[in-house]
1. When you count, for each residue, the other Cβ atoms within 10 Å and take the mean per peptide, how do 186-194, 248-256, 343-351 rank with the highest first?
2. Any idea how far apart residue 379 and residue 425 come out in nm if each label point goes 7 Å out from Cα toward Cβ?
3. Once the piece of chain linking residue 326 and residue 207 is laid out straight, how much longer is it, given 0.36 nm per residue of separation minus the C-alpha distance between them?
4. For a label point 7 Å from the Cα of residue 388 along Cα→C-beta, name the residues of region 347-365 whose backbone N is under 17 Å from it.
5. For Cα pairs less than 8 Å apart in space and 6+ apart in sequence, what is the mean separation divided by the residue count of region 181-237, i.e. the relative contact order in percent?
6. Roughly how many nanometres apart are two label points built 7 Å out from the Cα toward the Cβ at residue 340 and residue 262?
7. If you average the sequence gap of Cα pairs under 8 Å that are 6 or more apart and divide by the length of region 125-210, what percent do you get for the contact order?
8. Answer rounded, prolate or oblate for region 202-257, using the Cα gyration tensor with square roots of eigenvalues a ≥ b ≥ c: rounded when a/c is under 1.5, else prolate when a/b is larger than b/c, else oblate.
């Protein structure tokens, strides 16, 4: 097994870990947390490798096929993370290969490129005088590192927290990285009174202030531009970001300030609005910045439309579209998603090759395909039973087949299992259940379906006809699949 790879260091080889496991020690190498991203084989119903031949899979040559899993071990808590991969076996009779680590101590979850051909990983390391932010681009099919580049942020106080957000610019070789930089200041001793005993207790207090910086990574040259400080402190650290072929679009929100006695008396205090800014790729100066309707940016689903405009899904039912030309924001409520229930829900939104957008809201058991070019008209709708845990990780509870004809979903709270629906009619086309409840569902590049559960065997493979193929046990609680 290859040891966890740190940016700037050559990989080292070690002993074979066997199976689809990574030891806690390996997960925590250099770690600020206990997360891990490992790979598992993409088993197919025929028992053949999903991409090349048995010989290619056994040799680890390009095209062998990999599935990357990101999560945390069940005996540890986040944050932090690492990445590992394993080859797809050429035959089910061949023993599963050991996991192959690729990177460690990730500062954020990996992000897939629009065409799913690569995954961007970001690490943040303390260095003298600042923090080093490193972006690594990993090819999905081979698990090989394509490019790696770093930028150092200087002049920040000790204890500063940096949260990166990588954003692919489709049709270009640019990956933007939005950095939320939260700095401590005004450290002081304050006194708090114990409500039970009334005793005064001295405590350390600190003020945290956030601003944002931008960096750009060119995958064709490995060159990094930036960082550019946006000088927008005090701001909320959370942002939402997307890009098209020319601009990075960033939703950010000023940090709310305390209400004065006069504002309270007059009732004039207003919550700050989010702002949508457009930055030409490679620049730290916005070409436009306009107020945007609420809610505040918080990492909600966002996609780039075929028109180049960007859209975010807010309140679980409304699509806000920011014009790439003017920044003007328009919004449309998707009627099938407008139902409000107390049960929270993971939301997903994906742009499709034909220009439509696929949206799922498992908390109410709805999936729709909408057409942005026709005022987000609903072109297809499927209703399905609400799963037992519609908010739990991973967020993927329903997936649309590549041809758009079939919707696969995790089964409802009563039956469990998985189900398939005909998108054209909305009717149930098939189902399978052994009584198990699945927390997530993905369709892999081979067409094989992968389900996830909190308990072992955590990973189960199914054919597109919902026939069981195999199971894998792992210590990883998976929160995303790439």
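1. The peptides rank, most packed first, as 248-256, 343-351, 186-194.
2. So the label points at residue 379 and residue 425 sit 2.1 nm apart.
3. Full extension of this stretch gives 39.2 nm more.
4. 363
5. 32
6. Modelled inter-label distance: 3.5 nm.
7. Reported as a whole number, the value is 19 percent.
8. Prolate shape, in that a/c is at least 1.5 and a/b is the bigger ratio.
Bear in mind that the values in this text are calculations on the coordinates, not laboratory data. Since the structure is predicted, the reported quantities are computational estimates derived from the model, not experimental observations. Every residue, glycine among them, receives a Cβ derived from its backbone with ideal geometry; neighbour counts consider all protein chains shown.
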